[in-house]
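Please read the structure below before turning to the comments.
Readers should treat all values here as calculations from the given coordinates under stated rules, not as data from a laboratory. Since the model is a prediction, treat every value here as computed from it, not as a measurement. Reconstructed Cβ throughout: ideal geometry from the backbone, glycine too, with neighbour counts over all protein chains shown.
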Amino acid sequence: MQLFSLADRVALVTGASRGLGLAMAKGMAAAGAHVVLNARNPEALDACVSEIAAAGGSAEAIAFDVTDEPAAVAAIKQIVADRGRLDILVNNAGMVHRVPTLESDTAGWQKMVDTNLTSLYVLAREAARPMVENGWGRIINIGSVMSLVARPGIISYVATKHAVHGMTKALAVELGGTGVTINAIGPGYFATELNQALVDDPVFTQLVEERTPVGRWGKPDELVGAAVFLASDAAAYVNGHLLMVDGGMTVNM
Ligand SMILES: NC(=O)c1ccc[n+]([C@@H]2O[C@H](COP(=O)([O-])OP(=O)(O)OC[C@H]3O[C@@H](n4cnc5c(N)ncnc54)[C@H](OP(=O)(O)O)[C@@H]3O)[C@@H](O)[C@H]2O)c1
């Protein structure tokens, strides 16, 4: 057995048309998995699938909005019907809503809860059924440094990412023993479209450089090792863990 190989595994990565999701999808394909890439924009997904295929990987696209529960349920069923299995779910799709709390409203809050939390619960619940049946599975939820700490102006992001941490623990204790493990990754500050406003802001970039012991923004490829590890047989006894990939930001006083 090759400890970190994902050969013969089928993986669904949500939010995989750019940024961290695309990096993890490419990394899992390179490790041998057949990767199903999800996002809302089908054209963007097709381009990513072609890129993976050109690099010798196996991939397909399945476009749906993760907040559309019937579509999410149908997608899991379709993957299992087409491929006979679903081994790995990376619950990565997410968004950020930057607004001071006193100017925020409940509709904005609810959209964040639907996208960053409820969709992960629905997909984890549906993906876990065939995984439990097969006696093997990996669910990887993408949290954040905001799963542990907070910054002003992003209350719904901080709350939903803390809840992702809690949901990961709840699933881990409930499904431990079935062969399915549930873990989370807590990325620090990575230069992606989600953070474009912050990347473009020299004051914020200086803060990232000063607060992060490694002294810079993360590169999306630097998340791949953690994702492949947690998805592989190497992580068989890792369950309910939040693996921080943050250049040391959350241990820095
Ligand atoms: N970048 C960071 O520094 C950082 C740090 C900590 C945590 N994270 C977390 O990592 C995850 C990915 O972040 P990112 O920086 O890669 O973001 P990104 O560059 O904005 O990419 C987000 C991806 O999710 C998809 N998506 C968004 N809403 C969706 C929905 N409702 N249904 C399906 N797909 C959806 C987007 O494609 P479509 O628009 O086509 O749907 C895109 O593929 C998020 O959960 C984020 O909170 C990021």
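Here are some notes:
- Positive-pole candidate from T192, V251, A227, dipole of the chain, charges at beta carbon: V251
- For the chain, relative contact order (Cα pairs under 8 Å, six or more residues apart, normalised by length) works out to 20 percent.
- With respect to the chain, whose longest principal axis is taken over its alpha-carbon atoms, helix 155-175 is tilted by about 30°.
- Computed from Cα positions, the angle between helix 69-83 and the longest principal axis of the chain comes to roughly 40 degrees.
- Degrees separating the helix 119-134 axis from the principal Cα axis of the chain, which is the longest one: 30
- Global dimensions of the chain from alpha-carbon coordinates: Rg and Dmax equal 17.3, 55 Å.
- Summing charges over neighbours of A231, with a neighbour being any other residue whose Cβ is under 11 Å away from its Cβ, gives 0 when K and R count +1 and D and E count -1.
- Between E133 and L102, the modelled label-to-label distance comes to 5.4 nm, taking each label 7 Å out from Cα in the direction of the beta carbon.
- In the elastic network of the chain, a GNM with C-alpha springs shorter than 10 Å, the most mobile of T192, T178, T106 is T106.
- Our summary gives segment 1-147 a relative contact order of 23 percent, counting only alpha carbon pairs under 8 angstrom and 6 or more residues apart.
- Per-residue extension of 0.36 nm, minus the Cα-Cα distance of R40 and E69, leaves a gain of 9.1 nm for this segment.
- Span from the segment 1-70 Cα centroid across to the segment 166-203 one, whole angstrom: 17
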